[in-house]
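The values are calculated or read from the model by the stated rules, or taken from the named source; none is laboratory data. This one's a predicted model, so the numbers in the text were calculated from it and none came from an experiment. Heads up, the Cβs are rebuilt from the backbone with ideal geometry, glycines too, and the neighbour counts pull from every protein chain shown. The protein model used for the area step is the full one, side chains on, heavy atoms only, and it has no ligands, DNA or RNA in it. Shrake-Rupley method; radii C 1.70, N 1.55, O 1.52, S 1.80 Å.
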Amino acid sequence: MKITGTFLDEISYDIPHQNWGEKEWETDFRSMKSIGIDTVILIRCGLRQSIAFPSEVLMKRVNALEPFCDLTWMFLRLAEKYQMKFYFGTYDCGLEPEQIDFQNDLETNMRVVEEAWKRYGNCPAFGGWYLSREVSRSRGRTAEGYAKLGSFCKEISNGLPVLISPFIQGVKANAELGIKAGSIALEQHEKEWDNIFSMISGSVDTIAFQDGHVDIHELQDYLEINMKLANKHHLHCWTNCETFDRDMPIHFMPIKWEKMWHKLRAAEAVGIEKAITFEFSHFMSPNSAYVQAHGLYNRYREYAGV
């Protein structure tokens, strides 16, 4: 199992910016290409008031700050140059699902999708859409939002694929939320996601569950369920192999190679189609500000034979 895709996290939530310009980003795209990455995913085009392109919609509707440069256009040009597919990530208002004004948030994202397609739809590298909201269970009207926004994305772009990357309500997710409990039971995970998949099938094409919220020895069991449900509902099943470590008191550092290796083996064992990561540039790149990422890159190259 090899990593062939990565998120691009330039509008960050909980990791620091590296303050790269186009020169540094191009160096990193070359490094991605050298290990076989063929897919890049803008994790979000905006978060609260920060945005990745000069969106008139977001500057008017959410009082977003004008960006210094058009990161989306830069990423699209680099993706084309290095023969990668680019997925455009939608806007994230930063609120919990239960707090969101559903109709206003949906309308905002639809207008952003229209704007993005008008600006960038002719770019050869534009290969799909990423719905940026991340959930582990059915919360608020998230599944309905996936279905409606996913369908809109597909309609406006003549059927380009739509991706989501949810997470599993495991012991590490519970710890982050202050919940003193074990992982969600396999049966409950299957029941809830069977229902969600039934709602989004046809509007979403691919699911890529984050793999870092359960203990490694539990991971393969959850991945087997994800694969079974994806096949049942005619979805593609990828894995989001997190390359940062959730087990350390410092949030967040590059993961120990051995842990990453075990996670890739679990994905391979159940027949996962494709592995993407959150995320190459900070946690796995030879160009990262984290020196530990350089070692992870070298260990991965040895493992992958690249």
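Annotations
- For the range 186-201, the Karplus equation 6.51 cos²θ - 1.76 cosθ + 1.60, evaluated at θ = phi - 60°, returns couplings of 3, 5, 6, 4, 5, 4, 5, 7, 4, 5, 5, 4, 5, 7, 9, 4 Hz by residue, with Gly and Pro reported as x.
- Counting lysine pairs in the range 171-306 whose alpha carbons fall under 25 angstrom apart, excluding pairs fewer than 8 residues apart on the same chain, gives 22.
- Within the range 179-277: Cβ-based charge dipole about Cα centre, in debye rounded to nearest 20 (Lys, Arg +1; Asp, Glu -1): 120
- Computed over protein heavy atoms with a 1.4 angstrom probe, the accessible surface ordering of R139, R61, largest first, is R61, R139.
- Here the alpha carbons of the range 114-173 define both size measures, Rg and Dmax, at 13.8, 44 Å.
- Using equal-weight Cα scatterers in the Debye expression, the normalised intensity of the chain in log10 at q = 0.16 Å⁻¹ is -1.48.
- Summed side-chain charge close to R141 - residues other than R141 whose Cβ falls under 14 Å, Lys, Arg +1, Asp, Glu -1: -2
- Alpha-carbon Rg/Rh ratio, for the range 203-279, with Rh computed the Kirkwood way: 0.99
- Backbone phi angles across the range 54-69, fed through the Karplus curve with coefficients 6.51, -1.76 and 1.60 (θ = phi - 60°), yield HN-Hα couplings of x, 7, 5, 4, 6, 5, 7, 7, 10, 6, 5, 7, 4, x, 5, 8 Hz in residue order; Gly and Pro are listed as x.
- With θ taken as phi - 60° and the Karplus curve 6.51 cos²θ - 1.76 cosθ + 1.60 applied, the whole-hertz 3J(HN,Hα) list for the range 294-300 is 5, x, 4, 4, 5, 5, 5 Hz, x standing for glycine and proline.
- Cα-based Rg of the range 104-248 normalised by 2.2 N^0.38 Å, two decimals: 1.10
- Between K191 and D101, the distance separating the two model label sites (each 7 Å from Cα on the Cα→Cβ line) works out to 3.6 nm.
- Accessible surface for the range 1-66, divided over its residues, is 43 Å² per residue with a 1.4 Å probe.
- Rolling a 1.4 Å probe over the protein heavy atoms leaves V204 with an accessible area of roughly 0 Å².
- Extended-chain gain in nm, criterion 0.36 nm per residue less alpha-carbon gap, R265 and R30: 82.0 nm
- Estimated translational D of the range 68-120 in µm²/s (Stokes, Kirkwood radius over Cα pairs; 10 °C; 1.306 mPa s): 123
- DSSP beta bridges fully contained in the chain are about 10 percent antiparallel.
- The alpha-carbon positions of the range 163-304 define a convex hull whose volume is 110 Å³ per residue.
- Considering only Cα atoms, the convex hull volume of the range 27-162 works out to 109 Å³ per residue.
- The local environment of H236, defined by Cβ-Cβ distances under 12 Å, has a net charge of -1 under the rule Lys, Arg +1 and Asp, Glu -1.
- Evaluated over the range 31-80, the Cα radius of gyration and Dmax, each in Å: 13.2, 41
- For the range 129-176, with all protein chains in place and a probe radius of 1.4 Å, 48% of the accessible heavy-atom surface sits on carbon or sulfur.
- Electrostatic bookkeeping for A185 treats Lys and Arg as +1 and Asp and Glu as -1; over the other residues with beta carbon under 13 Å from its beta carbon, the sum is -3.
- Cβ-placed point charges (K, R +1; D, E -1), dipole of the chain about Cα centre in debye, nearest 20: 440
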